[in-house]
Amino acid sequence: MAEPATDHRRAIAERNAEAIAEAAMRLLERRRALSMAAIAAEAGVSRQTLYAHHRTMADVLAGVVDRAVAHALEGFEAAEAEHGDPAAALERMIEASWGRLTGLGALKQASEEQLSAERVHRAHAPLMVKVRDLVLRGQAEGAFGPGLDPDWLVTVYFALVHAADDHARAAGAPRERALEQLKMSVLAAFTAGP
């Protein structure tokens, strides 16, 4: 008889966790100051409930980063970068990244302020594996230049994706144009030879 109560409590806890993460994202998107009180109010939960899920603001942001990475990973998987011509697969991967990045500039900034570089890197690991696998396949098939370290190209990939998003937002550049420039830039980096 205790099992249904446990399931009910778990369902409530999951709903609260979801509400907290979504509230933090909404506040970030609106460029509002983040505080535990503001997140609890936006989520419609008590501060006690918020603190039961997250002890610190860094904990809240880590959860939001993890959710954003999971969302981006869904896009990467849908891009099926393990199939077809590596350059075409790279383009699909870039489009998947771009489509999932909108509105994450504030999260990127907040996470850089609140989380260690190691924590952010660890959260992005599943995405980095996907890009690295594509780099290795592209280099093996001769589509990408063999002279650059695959880990370096992974770093370049994410740096360029974030830089293009920052540029589009800050300069008011059309996102479609920024995406085209991003594709050209990443492909140029990946195909560079000695």
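So the values come out like this:
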| item | result |
| --- | --- |
| Those residues of the range 90-107 which are within 13 Å of the chain's Cα centre (by Cα) and surrounded by fewer than 17 Cβ atoms within 10 Å (Cβ to Cβ), in sequence order | GLY99, THR102, GLY103 |
| Restricting the range 27-60 to residues that are assigned to a helix (DSSP H, G or I) and at pLDDT below 90, the residue that is nearest to ALA110 (Cα to Cα) | LEU28 |
| Wholly within the range 89-194, helices (runs of 4 or more DSSP H) carrying at least 1 residues that are modelled with pLDDT under 90, among the hydroxyl-bearing types (Ser, Thr, Tyr) and touching a Lys or Arg at 6+ places or on another chain (Cβ under 9 Å) | 105-114 |
| Residue selected from the range 157-170 under the condition surrounded by fewer than 18 Cβ atoms within 10 Å (Cβ to Cβ) and free of Cβ contacts under 8 Å to residues at least 40 places away in the same chain, by the criterion nearest to GLY138 (Cα to Cα) | PHE158 |
| Every residue from the range 63-85 that is in contact (Cβ under 8 Å) with a residue 40 or more places away in the chain, touching a Lys or Arg at 6+ places or on another chain (Cβ under 8 Å) and more than 17 Å from LEU101 (Cα to Cα) | ALA81, GLU82 |
| Residue match in the range 75-88 (condition: of a type outside the set (A, V, I, L, M, F, W, C), surrounded by fewer than 18 Cβ atoms within 10 Å (Cβ to Cβ), closer than 20 Å to ALA123 by Cα and at pLDDT 90 or above) | yes |
| Residue selected from the range 171-194 under the condition in contact with a helix residue (DSSP H, G or I) (Cβ under 9 Å, 6 or more places away or on another chain), open to solvent by 60 Å² or more (accessible area, probe 1.4 Å) and free of Cβ contacts under 8 Å to residues at least 12 places away in the same chain, by the criterion nearest to VAL120 (Cα to Cα) | ALA171 |
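The values are calculated or read from the model by the stated rules, or taken from the named source; none is laboratory data. Not measured: the values here are computed from a predicted model. Reconstructed Cβ throughout: ideal geometry from the backbone, glycine too, with neighbour counts over all protein chains shown. Ligands, DNA and RNA are excluded from the accessible area calculation, which covers all protein heavy atoms including side chains. Shrake-Rupley method; radii C 1.70, N 1.55, O 1.52, S 1.80 Å.
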